[in-house]
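Undergrad: Input: one structure, supplied below.
The values are calculated or read from the model by the stated rules, or taken from the named source; none is laboratory data. Small disclaimer: the values here were computed from a predicted structure and weren't measured. All Cβ positions, even for glycine, are placed from backbone atoms using ideal geometry, and neighbour counts span all protein chains on display. Each accessible area value is taken on the protein alone, full model and side chains, heavy atoms only, with ligands, DNA and RNA left out. Shrake-Rupley method; radii C 1.70, N 1.55, O 1.52, S 1.80 Å.
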Amino acid sequence: MQGNDAAVLAALPEASPFIAAREIAREAEKIGKGVVGMLHLRNMPTEVEVALATVFFLSDRAVSGETFQPSGGLHQERAITERELFGRAKPERVAKMRGQTIWLIGEYLTSHLARAARLALEQSQVGRIMLLTRSAEAGRDVQSLLRIVLGAERIENIVTGDDLEAGMDRALLAGGAPAAVVSTPFTPLPAQIFRDDGTPALDAGGFADLVEAHLTHHLRIARKVLLLDHVRLVLVSPDVPVRPTHAEFALANFVKTTLHALTATLGMENERLVHNVPVNQINLTRRVRSEEPRDTAEQAEEQERFAHAVLLASAPLPEPVHSRYKARIYRGLAITV
């Protein structure tokens with residue numbers, strides 16, 4: 001019987017489709033082209049084109065510094081805004097830092113670190129300052145700038161070398177848990193980006209070193225600091241030399257705006273941890289090249305504003321139990337000095 005069924009089925013004529021195969025193929029091609037056209041996938045620029053467009057767009061004098069902040073899938077309840085430094089930290093907030101320990105991490109921004117240390121000693125009267133530098137020479141430079149400051153003996157220099165994490169462990173053992181950590185880069189921006197003939201002087205290896213020094217450096221610090229209780233983390237973007245070239249200013253803005261994305265990511269991800277460390281950013285690169293300091297007097301003013309920005313971002317924030325609103329809005333800021 002089964003054999004007869006198979007024979008009957010085999011004898012049946014082949015069923016023809018309701019719609020011709022060529023019609024199906026034609027409609028599928030139209031749908032595919034429509035979706036691709038809506039997504040503009042065929043017109044998407046390459047990564048190199050995006051990088052070049054970003055750098056040269058930011059170098060235009062007619063453009064104020066823009067922030068390119070990739071979401072990476074993060075849901076942000078409040079956009080990270082870059083704003084000028086207006087006002088100072090309230091005295092009652094600063095008074096809470098009395099007797100506490102803060103970390104200042106850096107190498108080449110010795111004048112900025114010295115100004116921040118002096119203000120912390122004089123106004124907040126911190127108990128101890130752990131100065132983490134890559135070389136002993138940088139530590140001596142900072143301490144020499146503070147030799148006549150009252151309380152300068154409370155500054156302890158820890159030389160980390162290239163082992164930043166081990167240096168942070170030593171600072172933790174020597175001074176206890178910090179109340180605030182200020183992370184500045186160890187190395188300045190490249191002195192030359194283009195040669196005289198117009199050819200690029202910053203190769204792939206040099207760009208990798210740039211990312212390591214100005215982005216990964218902050219990430220390495222954040223990975224350890226975000227696991228501590230009752231601490232505030234401040235990330236600092238690189239400075240530019242006096243009268244920077246268009247290329248130098250564009251590169252500094254590239255680092256600054258990329259650091260905005262890192263600050264936003266750290267701030268969002270850190271809210272999932274029980275330590276809930278506030279993360280803020282201080283920008284030493286201004287929005288417009290013409291606004292950069294042009295002489296020593298303007299540089300001194302910038303350093304003073306930087307010190308007050310450090311104090312503002314380092315002072316304790318309102319606890320969520322006291323003010324949920326203030327506890328949430330006083331974080332994730334990018335303060336330009």
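Undergrad: Given the criteria more than 16 Å from S183 (Cα to Cα), open to solvent by 40 Å² or more (accessible area, probe 1.4 Å) and aromatic (F, W, Y), does F249 qualify?
TA: Working: more than 16 Å from S183 (Cα to Cα): yes; open to solvent by 40 Å² or more (accessible area, probe 1.4 Å): no; aromatic (F, W, Y): yes.
So F249 fails the test.
Undergrad: Residue check: is T257 in contact with a strand residue (DSSP E or B) (Cβ under 9 Å, 6 or more places away or on another chain), open to solvent by 10 Å² or more (accessible area, probe 1.4 Å) and more than 24 Å from A177 (Cα to Cα)?
TA: Working: in contact with a strand residue (DSSP E or B) (Cβ under 9 Å, 6 or more places away or on another chain): yes; open to solvent by 10 Å² or more (accessible area, probe 1.4 Å): no; more than 24 Å from A177 (Cα to Cα): yes.
Taking the combined requirement at face value, the residue does not satisfy it.
Undergrad: In segment 126-141, which residues are closer than 25 Å to P316 by Cβ and either under 27 Å from the mean Cα position of the chain (by Cα) or of a type outside the set (G, A, S) (or both)? Before you say what the answer is, go through the steps one by one.
TA: Step one: of segment 126-141, the residues closer than 25 Å to P316 by Cβ are 126-132.
Matches in segment 126-141: V126, R128, I129, M130, L131, L132.
Undergrad: Is one or more of the residues making up segment 197-207 part of a loop (DSSP other than H, G, I, E, B), in contact with a strand residue (DSSP E or B) (Cβ under 7 Å, 6 or more places away or on another chain), open to solvent by 10 Å² or more (accessible area, probe 1.4 Å) and over 23 Å from H260 (Cα atoms)?
TA: Yes, there is a match, as at least one residue in segment 197-207 is part of a loop (DSSP other than H, G, I, E, B), in contact with a strand residue (DSSP E or B) (Cβ under 7 Å, 6 or more places away or on another chain), open to solvent by 10 Å² or more (accessible area, probe 1.4 Å) and over 23 Å from H260 (Cα atoms).
Undergrad: Further question on the same structure: Of a type in the set (A, V, I, L, M, F, W, C), touching a strand residue (DSSP E or B) at 6+ places or on another chain (Cβ under 7 Å), assigned to a strand (DSSP E or B) and under 14 Å from T336 (Cβ atoms), is that true of L235? Break it down into steps so the answer makes sense when it comes.
TA: Details: of a type in the set (A, V, I, L, M, F, W, C): yes; touching a strand residue (DSSP E or B) at 6+ places or on another chain (Cβ under 7 Å): yes; assigned to a strand (DSSP E or B): yes; under 14 Å from T336 (Cβ atoms): yes.
Here the answer is yes, as L235 does meet what is asked.
Undergrad: Moving to a separate point now. For segment 300-334, which residues satisfy the criterion of being open to solvent by 60 Å² or more (accessible area, probe 1.4 Å), farther than 20 Å from V126 by Cβ and either in a helix (DSSP H, G or I) or modelled with pLDDT of 75 or more (or both)?
TA: Within segment 300-334, E301, R324, Y325, K326, R328 meet the criteria.
Undergrad: Since P293 meets every condition but one in (1) under 13 Å from the mean Cα position of the chain (by Cα); (2) in contact (Cβ under 8 Å) with a residue 24 or more places away in the chain, which condition does it not meet?
TA: All conditions are met except number (1).
Undergrad: Separate question: Here is a list: V236, V211, V231. Which entry is open to solvent by less than 20 Å² (accessible area, probe 1.4 Å), closer than 15 Å to P188 by Cα and not small (G, A, S)?
TA: Only one candidate qualifies: V236.
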